[in-house]
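Contents: one structure, followed by commentary.
The values are calculated or read from the model by the stated rules, or taken from the named source; none is laboratory data. In this text, all values refer to a predicted model and were calculated from it rather than measured experimentally. A quick note on method: Cβ atoms are made from the backbone with ideal geometry, for glycine too, and the neighbour counts reach across all protein chains shown. Please note that ligands, DNA and RNA were not included when accessible areas were found on the heavy atoms of the full protein model with its side chains. Shrake-Rupley method; radii C 1.70, N 1.55, O 1.52, S 1.80 Å.
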Amino acid sequence: MPLPIEPSPTKATQGSASAMAAAAAGREEGPSVEPLTMPFDPGRLGLVDHDTVDVTNLHRQVMHSTARVGMHKALSGRLTCFAINPTIQVDAHMDGFSPSTALALADAYDVVVDASDNPATRYLVSDACVVAGKPLVSAAAVGTDGQLTVYNYGEDGPCYRCLFPESPAAENCSRCGEAGVLGVVPGIMGCLQALEAIKILSRTGDVSSKKLTIFDALAGRFTAVRLRSRSPACVACGACPSITRSTLPSYDYVLFTGQPPDDGPPEDLHLIDPGARLSPADVAQLLLAEAAAAAAAEAEGEAEGAVPGASGPAACGRRTLFLDVRPQAQYDVVALPGVVHVPFERLEARLQEVLALCGGVAGEGEGPSCSAAAGRGAGADAEEGLAALDPGATARGAGEHVGAPAAAAAPRVVVLCRRGNNSQRVAARLAALGVAGVTDMRGGYQAWAREVDPEMPLL
């Protein structure tokens, strides 16, 4: 969301500068804006957005609140800024940052802070800053990681296109709306963006140009990486640019990136038969039935003198494989009991392992041992998790769970992801390779949190 700022006449005569933060419904829009309101007074602050506040934004976009759900984000942000410092001027630009508006916005202000969450907007904001001759403070956050740099600053500071002349493929781009983000990470990166904007406006300190700061939240570590200087061949800031004041308004950023300029969650895919997909309640019943069958098999093994917890055909004869394909960071925070975790981005590298697991369910081969294949939350954690779904589950024997799917009707493989898109991709991939009885959980873990377990963290 872009946030323009212009100094008062007295500040202008003192050499103060105006600023503009581009947050575009972004992750860091609150933390990058609020520190600019006081005690440092940037003059005139402009908030640029086209979206409305949604409840799923609130864990990372802290300038909004539940009371403002449905309100335009630019207006909500202005209210927050006025609540902190009522003496500043805040303009709300409600049409978003588009090729037709970008240059007018960038021309009016001295700094742009970009907290957008999609390649189309990132390229547009960078190009507009190059044409207008304005520095760009850019940050990104996804999962538990963040990055920060300042583009187009100084005589040889690179722009975004210098480092990424070709747009990354859509499948390689992670957005908060789909990949998730730990709420404090955008907060930290947003505060760092505000700091860079203050340094630029006050002409103080070492600005993070030609330097990429990487933040690892889980390790609590910052790493600085040196970036190359401006590229002479860059189509935006090079010796012979093709993106100019006359060509930028007609440039097709959607065609160039292959992605819409939208920071919201991606559209739901429709890759498998909707009638074959399972609801979270269906998956809960399957998990309970699977746990009951496993408990019965273990009890039978103990009665026959087998070592408790041993792996083998009896212990591994699961009727359904639950395959969790979310990123490692999300899996580490929370996972359903008994799942097998194979991150989506690692699927092809571990495809033979996954196919072996698929062949080891429903009695069609032993496959890897259950102890090796068990997902996070197995054992005691799994029992506690299932008890939370159905407190009477552990008290009933196998086959006694009310409403549990019959073994013959149970799918062999159920794929789980965050929102239900990557799970469809994996299910379709496995089905194309000949795996029978594969489906997914509709809506993913987000739907599970809404419909089954409200206590589960909504990442």
Of the DSSP beta bridges with both residues in segment 77-200, give the percent that are antiparallel, rounding to the nearest 5. 65
Label model pair Asp156, Thr56: point-to-point distance (7 angstrom along the Cα→beta-carbon line) in nm is 4.5
Beyond 24 Å (Cα-Cα) in this structure, taken from Lys134/Lys210; Lys73/Lys210; Lys73/Lys199, we find Lys73/Lys210; Lys73/Lys199
Can you compute the charge dipole magnitude of segment 68-169 about its Cα centre, using +1 on each Lys and Arg Cβ and -1 on each Asp and Glu Cβ, nothing else charged? Give it in debye, rounded to the nearest 20. 380
How much length, in nm to one decimal, is gained on full extension between Thr247 and Ala296, taken as 0.36 nm per residue of separation minus their Cα-Cα distance? 10.6 nm
By accessible area (1.4 Å), largest first, Asp324, Asp156 order as Asp156, Asp324
With a point put 7 Å past each Cα toward its Cβ, work out how far Phe82 is from Glu455 in nm, to one decimal. 4.2
In terms of the alpha carbon gyration tensor, root eigenvalues a ≥ b ≥ c, rounded if a/c is under 1.5 and otherwise prolate when a/b exceeds b/c or oblate, segment 101-222 is oblate
Residues whose placed amide H lies under 5 Å from that of Leu45, excluding near-sequence neighbours: Glu6, Gln89, Val90, Asp91
Order Asp252, Asp91, Asp440 by their accessible area, 1.4 angstrom probe, all chains in place, largest first. Asp252, Asp91, Asp440
For segment 197-251, run through the trypsin sites (Lys or Arg not before Pro) and keep only the ones in DSSP coil with at most 13 other Cβ atoms within 10 Å of their Cβ. Arg203, Arg228, Arg245
Within segment 113-131, whose backbone N sits under 12 Å from a point 7 Å along Cα→Cβ of Phe256? 119-131
